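Just so it is clear, none of the values below were taken in a lab; they were calculated from the coordinates. Keep in mind that this is a model prediction, so the values were computed, not measured. Here the Cβ is made from the backbone with ideal geometry for all residues, glycine too, and neighbour counts use every protein chain on show.
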Amino acid sequence: QAQLVESGGGLVKPEGSLRLSCTASGSIVRIIDMGWYRQAPGKQRELVATKNSGGATNYEDSVKGRFTISRANAKNTVYLQMNSLKPEDTAVYYCYSRLYTDYASWGDYWGQGTQVTVSS
């Protein structure tokens, strides 16, 4: 079993910035994929950004050019740098990872979520 813990959410004004961090811990052999999803009130959870083990990234269209995902692999950590934040970015942000917990088994794991609120 593994655990993901996020931090860095909070209240920020429009055009402001936040950096989210997520660290995986527990029984981890190798992380295959890490990323971020978000869920706004009344909406489905959606992809924000992911980064796979080869370094390839994917971004939701509305955050392209504003958000940057990065990984510190040695620390089992993924970051989401969020710039030029808009009220529409307000949501609970969830860290996600697909990882090996031993050399034969992998699973999908989610963090508890961190609230990001963009408001003046």
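With θ taken as phi - 60° and the Karplus curve 6.51 cos²θ - 1.76 cosθ + 1.60 applied, the whole-hertz 3J(HN,Hα) list for region 31-43 is 8, 8, 8, 9, x, 10, 10, 9, 9, 8, x, x, 10 Hz, x standing for glycine and proline.
Between the alpha-carbon centres of region 93-120 and region 14-61 there is a gap of 7 Å. Think of the chain as a dipole: +1 on every Lys or Arg Cβ, -1 on every Asp or Glu Cβ, centred on the Cα centre; then among Leu20, Leu4, Thr117, Leu20 lies furthest on the positive end.
Fully extended, how many nm does the chain gain between Gln115 and Lys86 (0.36 nm per residue separation, minus their Cα-Cα distance)? Extra length available between Gln115 and Lys86 comes to 9.0 nm.
Here the extension length gained between Ser105 and Gln1 equals 36.4 nm, from 0.36 nm per residue of separation less the Cα-Cα distance.
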